[in-house]
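The values are calculated or read from the model by the stated rules, or taken from the named source; none is laboratory data. Owing to the predicted nature of the structure, the values given are computational and were not obtained by experimental measurement. Counting neighbours? That spans all protein chains shown, and the Cβs are built from the backbone with ideal geometry, glycine included. To get the accessible areas, we keep the full protein, side chains included, count just its heavy atoms, and leave off ligands, DNA and RNA. Shrake-Rupley method; radii C 1.70, N 1.55, O 1.52, S 1.80 Å.
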Amino acid sequence: DDCIVAVDQGTTSTRVIAFDKAGHILAKHQVEYPQHFPQPGWCEHDPLDILRTVHDCIEEVSKKLQERSIGVDRIKCVGITNQRETTIVWDKTTGKPLHNAIVWLDTRTHEIAVRLEKEHGGRDAFRPQTGLPISTYFSGLKLMWLLENIEAVRKAAHDGTCLFGTVDSWLIWNLTGGVHGGRHVTDVTNASRTMLLDLRTANWDLSLCRALHVPPDILPSVHSCCEPYGTILTGPLAGLPISGCIGDQQGAAIGQFCLHVGQAKNTYGTGCFVLMNTGEAPVQSTHGLITTVLIQPAPHKPLLYALEGSVAIAGAAVQWLRDNLQIISSAADIEALASSVADTGGMFLVPAFSGLFAPHWRSDARGIAVGLSQYTTRAHFARAVLDAVCLQSREVLEAMELDAGVRVRAVKADGGMSVNRLLMQMQSDALGVPVVVATMAESTAWGAAMCAALGSGLLSWDDLETKVQPGMAAAYTYHATTDDQQRSAHFSKWKDALTRSLNWV
């Protein structure tokens, strides 16, 4: 059978997965890479680390396929999905990065955000065109910071040798030739996270470029999610087309088959990301969410849009427990430790390490732990981290119901943390609705694989629902064990804790 390779370049690790057309995983390899925190609130990646891990994972997956007697000739196409908003600038003549990548959750652009709000009339000044509030989250502000503060970036932009891109652009440019004719491109979902794209036309908006002082000639060309982007020139996949590209959270929504209006998913990864399909019309949020592109399934097909609630810190708080506080020795240990106590012992952790994203958009917030006593143990800390993930997700889902005017009847869950059974039960208890966990935790990569299959003609849009989805194994469903009164009381205490995290910077 034909197979598809998906590159899933995430915030803390890179994975490459080979799927067959029915969604079965044939081979997989994953590599973590270093995180750099040069100052409080700052987070960087070395773009060369990102590229190296992609090449390493491709090599390993190719070997694993060969071990199963699956030849490279069976692979028909490649899809790419990536951490969004993370900003890379490089020199097109040398191929070298001009600075480390500034990661999506980095908060160094706080002062730029405040300045833009004052200059343009408030946090929502660019919402009509972009669907986004002015925030440290989005790529345009990170690019502004690089142009204002890094001489090498400013000089390259002046000399006409600077290229900007999110991670997808950096990977595609390198995989398709780099300095020898690499394609400088992006897809419409990643472009919609820059604060430079007009959501309705799917083109760069020159007035936004002027407002953010970004020279348009450094931007990649914008394409649909499902079309030929270029051919890989080196390595085991040389000669294969890259025919799909989609931001990671949109990829997860497609991988979870959120193909109809009102269908929603929550991906539990470094952050938490709730997306709801709103169809061919962008719905402007009045409750602190963002409006984003869900997918464009072909160059001449209409865009589908989504409402999204982004929570900056979810799995990242588990990493913090492991690496900074050393309360656990591996991320998987949190479930057993948190399960050893019945509740958080009255403590709440608000992990506003990068400020608060949806629905608050408060870059002045910082993390706090409240309600501590001599009774508090490391197990309570572990449970409070999981509790915070659930309660932040509830805030986002309540805002989504208000914006969309529909009641969320169930939540489709995926991502690395969705294998944590305690977390999924706590999430159902916090929401009061069923949580349906995908049997395939790799929904993001599977979404990218389906985009590649659509872009290469292996599958049609109708095939996703009529042929692919029916063959996927049934998922596990968690049901709430709490009543409305318990949920409301707990959520009220959380909101009290959250207000105490504000106005720190």
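Please state, rounded to one decimal and in Å, the Kirkwood hydrodynamic radius that region 240-310 gives when every pair of distinct Cα atoms enters the mean of 1/r.
Averaging 1/r across every pair of different Cα atoms and inverting gives 12.5 Å.
What percentage of the solvent-accessible surface of the chain, computed with a 1.4 Å probe over protein heavy atoms, is contributed by carbon and sulfur atoms?
Answer for the chain: carbon and sulfur cover 51 percent of the accessible area.
Find, among the trypsin sites (Lys or Arg not before Pro) in region 386-462, those assigned to loop by DSSP (not H, G, I, E, B) with at most 12 other beta-carbon atoms within 10 angstrom.
R407, R409
Given K96/K301; K28/K92; K301/K467, which pairs have Cα atoms separated by over 24 Å?
The pairs that break the limit, which is 24 Å between Cα atoms, are K96/K301; K28/K92.
If I compute Cα extents along the principal axes in Å from the structure I just sent, which labelled value in [x] 61, 55, 50; [y] 66, 59, 45; [z] 62, 55, 43 lines up?
Recomputing Cα extents along the principal axes in Å here picks out [z].
Counting heavy atoms of the protein chains only and a 1.4 Å probe, report the per residue accessible area for region 101-232 as a whole number of Å².
Heavy-atom SASA per residue in region 101-232 reads 33 Å².
Could you pull out every residue, at least 5 positions away or on a different chain, whose amide H is within less than 5 Å of the one on C77? Hs are placed 1.01 Å off N in the peptide plane, and Pro or chain starts have none.
Under 5 Å from the amide H of C77: V5.
Treat every Asp and Glu Cβ in region 24-165 as -1 and every Lys and Arg Cβ as +1, leave all other atoms uncharged, and give the resulting dipole magnitude about the Cα centre to the nearest 20 debye.
Approximately 400 debye in magnitude.
Please work out the FRET efficiency for the pair L502 and S69, using the Cβ-Cβ distance as r and a Förster radius of 60 Å; give the result to the nearest 0.05.
Between L502 and S69 the formula returns 0.55.
Taking only DSSP H segments of four or more residues, each worth -39500 (n - 2.57), what value at 222 nm results for the chain once the sum is divided by all its residues, to the nearest 500 deg cm²/dmol?
-10000 deg cm²/dmol
Restricting attention to the alpha-carbon atoms of region 141-291, what are Rg (one decimal) and Dmax (integer), both in Å?
When restricted to the Cα atoms of region 141-291, Rg and Dmax are 17.0, 48 Å.
Which residues make up the longest stretch of the chain that has no chymotrypsin sites (Phe, Trp or Tyr not before Pro) in a DSSP loop with at most 16 other Cβ atoms within 10 Å?
Looking at the chain, 43-374 is the longest stretch - no exposed chymotrypsin sites (Phe, Trp or Tyr not before Pro) with at most 16 other Cβ atoms within 10 Å.
Give me the aspartates and glutamates in straight-line cross-link reach of K495: C-alpha distance below 19 Å, same-chain residues under 8 apart excluded.
By straight Cα distance, K495 reaches D343, D364, D387, E395, E398, E401, D429, D483, D484.
Cut-off under 21 Å on the C-alpha distance; same-chain residues fewer than 8 positions from K118 excluded. Which lysines are left, in chain and number order?
By straight Cα distance, K118 reaches K142.
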